[in-house]
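K.L.:
To start, I am sharing the structure in question, which I have written as structure tokens.
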Amino acid sequence: MKSFTYYTPTKVFFGREEYKRIGEIVEGYGFKKVMLHYGGGSIKKSGLFDIVASSLKEHGIEVVEFGGAQPNPTLEHATEGMKLCVKEGVDLVLAVGGGSAIDSAKTIAVGAKNDCDTWRFAMKEAEPKAALPVATILTLAATGSEMSASAVITNSELGLKRGYNSDFHRPLFSILCPELTFTLPPYQTACGIVDIMMHTLERYLTRPGDVMITDRMAEGVLTTVVDAGRRAMKNPEDYDARADLMWAGSLSHNDLTGSGRDFMMISHQFEHEMSGMFPYVAHGAGLAVVFPAWAKYVYKKNARRFARLAELLWSITEGSDEEKAYKGILAFENFFRELGMPVRMKELNIPASAFAPMAAKCTANGTKKLNAIIDYTDKEIIEIFELADRD
Ligand code: NZQ
Ligand code: ZN
């Protein structure tokens, strides 16, 4: 087991209707003025916005409304939010929504407290020194942003999507109510299932050998997500299935399933170039396309680990490790198809002409070294994108 630091400071309120306590919880922390940040309006349609805003006001807390975070949220929009925060003297940024609203809230919170171009944090040219406190009410089980140190933001002018980590913007608290996800379109539920699995796989499939405690937790998360995912797709109002997915989403990306192991995020880096250049691509859908291609490209270098996964998740027991590993990758593809996810670039309308520019962005024109099981230059990345385009 490798040495690690584990830090998960987010207080979690989990369960049916916990969001109704938002006013009491915020008052308990002593905050006076909250920015209520959300996405395109699903929370208005569901009535959640009114319940949250009323609960805050009933507890004497002023509400500054700021909606409009789009899926794959933009720096430009977050910049408007940070200006509003400073002008209004907001003391807590509360995101109500999925990963996009939460990441946008994190960027707003960091921007409001640092005298520096926020994009520099995303480009790793500077590190945040402070942030306004962030809290979340989660409406989509997927990204794990409700407990993670990460924020992912798109600079539309540059067509670049970048993630950065900071403990300053880790949520202070997150309210997780599985029933809030009943209204998700099936496509978004499926994107979430893929994303949750990927956050664990990006840790599980790394090179160093077995880490029994971590591996077994990761395997528990993965088997649960396949099972609960199928149940939630079949019956969107299955509370227990939604609850399993929601908690799995948080545990998958709060570093628990990676403790003592390496952390790659290589499929994520490839996907971020895809949804960075083609912002209509949902993160989970991009991962469903690129992960099987990446796995086909590298599995022989880590065959036992891929085979172990194939045995566990898909009951593949016949053949050598390499054979089991390959069949396991095809089983992933089939599972993603079963969920209604795309599995080829053309299904995302990403043309082959974009592969080289996406690869160049990923390696910063050949200046950035990438390693996850193997080393990657533009050549390897383009070949993986081509594999993701081949039937
Ligand atoms: O915007 P609204 O109107 O709320 O609608 C959203 C959006 O259209 C809708 N939705 C959310 N909850 C709903 C709902 N519709 C009905 N009922 C509900 N309960 O779903 C759509 C997608 O929402 P979004 O927040 O974009 O999805 P997701 O949670 O998958 O977040 C994706 C973003 O997070 C980043 C991704 O790259 C992408 O930008 N990630 C963030 C991470 C992190 N901070 O740790 C890690 C991830 O790997 C990921 O990269
Ligand atoms: Zn992800």
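The values are calculated or read from the model by the stated rules, or taken from the named source; none is laboratory data. Because the structure is a prediction, the values reported are computed rather than measured. We place every Cβ from the backbone using ideal geometry, glycine too, and count neighbours over all the protein chains shown. Ligands, DNA and RNA are excluded from the accessible area calculation, which covers all protein heavy atoms including side chains. Shrake-Rupley method; radii C 1.70, N 1.55, O 1.52, S 1.80 Å.
K.L.:
Tell me which trypsin sites (Lys or Arg not before Pro) from segment 98-138 have a DSSP coil assignment and no more than 13 other beta carbons within 10 Å of their own.
P.N.:
Those that pass, being in a loop and sparsely packed, are Lys124, Lys129.
K.L.:
On to the next question. Computed on alpha carbon atoms, what radius of gyration and Dmax characterise segment 203-256, expressed in Å?
P.N.:
Spelled out, the Cα radius of gyration and Dmax of segment 203-256 are 12.6, 40 Å.
K.L.:
Sort 366-377, 253-264 for me by packing, meaning the mean count of neighbouring Cβ atoms within 10 Å per residue, highest on top.
P.N.:
Details: 366-377: 13.8, 253-264: 19.9.
So the peptides 366-377, 253-264, ranked by packing, come out 253-264, 366-377.
K.L.:
What order do you get for 334-345, 167-178 when each peptide is scored by the mean count of other beta carbon atoms within 10 Å, highest first?
P.N.:
Numbers: 334-345: 18.2, 167-178: 22.2.
Ranked by mean Cβ neighbours within 10 Å, highest first: 167-178, 334-345.
K.L.:
In units of 2.2 N^0.38 Å, what is the alpha-carbon radius of gyration of the chain?
P.N.:
0.96
K.L.:
By a straight-distance test (C-alpha under 15 Å), which aspartates and glutamates pair with Lys2 as possible cross-link partners, with residues fewer than eight away in the same chain excluded?
P.N.:
Asp210, Asp215, Asp255, Asp262
K.L.:
Can you give the Kirkwood hydrodynamic radius for segment 1-87, in Å, rounded to one decimal and based on Cα pairs?
P.N.:
Radius from the Kirkwood sum: 15.1 Å.
K.L.:
Continuing with this model, one more query. Filter the chymotrypsin sites (Phe, Trp or Tyr not before Pro) in segment 1-94 down to the DSSP loop ones having no more than 11 other Cβ atoms within 10 Å, then list what survives.
P.N.:
Tyr6, Tyr7
K.L.:
What are the chymotrypsin sites (Phe, Trp or Tyr not before Pro) within segment 272-306 that DSSP puts in a loop, where the Cβ has at most 13 other Cβ atoms within 10 Å?
P.N.:
When the chymotrypsin sites (Phe, Trp or Tyr not before Pro) of segment 272-306 are filtered for loop state and at most 13 Cβ neighbours within 10 Å, Tyr280 remain.
K.L.:
Now, a different point. Based solely on C-alpha atoms, express the radius of gyration and the Dmax of segment 236-291 in angstrom.
P.N.:
Final numbers for Rg and Dmax: 14.0, 37 Å.
K.L.:
Would you mind listing how long segment 76-228 runs along its three principal axes, going by Cα atoms, in whole Å with the largest first?
P.N.:
47, 38, 30
K.L.:
Can you pull the percent of segment 38-147's accessible area that's carbon plus sulfur, 1.4 Å probe, other chains left in place?
P.N.:
After summing per-atom areas, the C and S share lands at 50 percent.
K.L.:
Check cross-link reach from Lys346 to the lysines: straight Cα distance under 30 Å, and skip same-chain residues fewer than eight apart.
P.N.:
Lys161, Lys234, Lys296, Lys300, Lys301, Lys324, Lys327, Lys361, Lys368, Lys369, Lys379
K.L.:
Relative to the longest principal Cα axis of the chain, at what angle does helix 212-234 sit, 0 to 90 degrees, rounded to 10?
P.N.:
Relative to the chain, helix 212-234 is tipped by roughly 80 degrees.
K.L.:
Tell me, what is the per residue accessible area of segment 181-288 in Å², probe radius 1.4 Å?
P.N.:
On the way: 3550 Å² over 108 residues.
For segment 181-288, the solvent-accessible area averages 33 Å² per residue.
K.L.:
I need the Kirkwood Rh of segment 277-391: take the reciprocal of the average 1/r across all distinct C-alpha pairs and report it in angstrom.
P.N.:
Across segment 277-391, the inverse of the average 1/r is 14.9 Å.
K.L.:
Kindly give Rg over Rh for segment 186-306, based on alpha-carbon atoms, with the Kirkwood expression for the hydrodynamic radius.
P.N.:
0.97
K.L.:
Sum up the charges of everything whose Cβ sits under 11 Å from the Cβ of Phe121, counting Lys and Arg as +1 and Asp and Glu as -1, but leave Phe121 out.
P.N.:
My count for the surroundings of Phe121 gives +2.
K.L.:
To continue, here is another question. Roughly what % antiparallel, to the nearest 5, for the DSSP beta bridges in the chain?
P.N.:
25 percent
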